[in-house]
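*Asks:* Take this structure first; my questions come after.
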Amino acid sequence: MKLKYISLNDRLYRYVGACRSDAGDPILEALRVETESLGDISRMQISREQGSFMTLLVAAIGAKSAIEVGTFTGYSSLCIARGLAPRGQLICIDQSEEWTGIARKYWAQAGVENKIELRLGPAVPTLKKLGRHLRFNFAFIDADKTEYEAYYELLLPRIRQNGLILFDNMLWGGRLGAGRIRQPGGRAIKKLNRKLARDKRIESVLLPVADGIHVCRKR
């Protein structure tokens, strides 16, 4: 049976990108432009459709609490915060005061700064220090790939039933499935994809959006 998928080219990708409710949003676009001015490091910014997808998911599950590991300049956190319930809260974890300084500026412009709490520091120790009472409806993980599994195991007990965990870059630039992976980050992602598909605590699907988003629902 023929596999059912469509290979994207630049023309089709631009068409897909234009078919979003927030296409052309001035705050999101200004943030993208400023991030792209940083040079090669700007590739860490998520795609436009990823952001729209997360806003939609967060709103659809009625999330009141969310956490993000790896904030960079704030595009993903802005999109998550916009989808939260009116009194919803998002905790952002990142090590860079410089990059998150850009994020803070755009959170304020978008009017979501009161929904976001930034915690600066290494992710694993910061996650271990979270208050015992904290529980989340939604989590987005986009930081050190070799620590993805550690983030997952620290966060899963804090995710409410039917809550979602999303992992970014889970196709490792399209290099998975094509032979042996030598880079530690790629090996970690390959291992985690296999673990998530078999983990009875969740159900999951790996979506070919941007560089791959693995979406997990806690049972």
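What follows is calculated from the coordinates using simple rules that are stated; it is not laboratory data. Quick caveat, the model's predicted, so the values are computed rather than measured. No Cβ is skipped: glycine too gets one built from the backbone with ideal geometry, and neighbour counts run over all protein chains shown.
*Asks:* Rounded, prolate or oblate: which one fits the stretch 1-128, using the alpha carbon gyration tensor with axes a ≥ b ≥ c (rounded when a/c is under 1.5, else prolate when a/b beats b/c, else oblate)?
*Replies:* Prolate.
*Asks:* When 1/r is averaged over all different Cα pairs and the result inverted, which Kirkwood radius in Å belongs to the chain?
*Replies:* 17.9 Å
*Asks:* Let me ask another. Ordered by packing density, taken as the mean number of other Cβ atoms within 10 Å over each peptide's residues, highest first, how do 153-165, 56-68, 190-202 rank?
*Replies:* Going by the mean number of other Cβ atoms within 10 Å, highest first, we get 56-68, 153-165, 190-202.
*Asks:* Just give me a number: lysine pairs in the stretch 105-176, eight or more positions apart or cross-chain, with C-alpha atoms less than 25 Å apart.
*Replies:* Counting lysine pairs in the stretch 105-176 gives 5.
*Asks:* Hey, quick one: spin label on Met1, modelled 7 Å out along Cα-Cβ, who in the stretch 187-205 has an amide N within reach, i.e. under 19 Å?
*Replies:* Taking a point 7 Å out along Cα→Cβ of Met1, the residues of the stretch 187-205 whose backbone N falls under 19 Å are 205.
*Asks:* Starting from the Cα-Cα distance between Arg43 and Arg187, subtract it from 0.36 nm times their residue separation and give me the gain in nm to one decimal.
*Replies:* Stretched fully, the Arg43-Arg187 segment lengthens by 49.8 nm.
*Asks:* Along its principal axes, what span do the Cα atoms of the stretch 124-206 show, with the longest given first and each in whole Å?
*Replies:* Projected onto its principal axes, the Cα set of the stretch 124-206 covers 43, 26, 17 Å.
*Asks:* Further question on the same structure: In nm, to one decimal, how far is the Arg160 label point from the Glu117 one, both placed 7 Å along Cα→Cβ?
*Replies:* 1.6 nm
*Asks:* Further question: Can you give me the three principal axis dimensions of the stretch 62-108 from its C-alpha atoms, in Å, biggest first?
*Replies:* Here the Cα extents, ordered largest to smallest, are 31, 19, 13 Å.
*Asks:* Now for a different question. Count neighbours as other Cβ atoms within 10 Å of each site's Cβ, and list the trypsin sites (Lys or Arg not before Pro) in the stretch 68-111 that are DSSP loop with at most 14 such neighbours.
*Replies:* Qualifying residues, ordered by number: Arg87.
*Asks:* Using the Cα gyration tensor of the stretch 1-71, with a ≥ b ≥ c the square roots of its eigenvalues, what is the shape: rounded (a/c below 1.5), prolate (a/b larger than b/c) or oblate (neither)?
*Replies:* Oblate is the answer for the stretch 1-71, as a/c is 1.5 or above yet b/c matches or exceeds a/b.
*Asks:* Roughly how far apart, in whole Å, are the Cα centres of the stretch 56-78 and the stretch 1-37?
*Replies:* The distance from the Cα centre of the stretch 56-78 to that of the stretch 1-37 comes to 19 Å.
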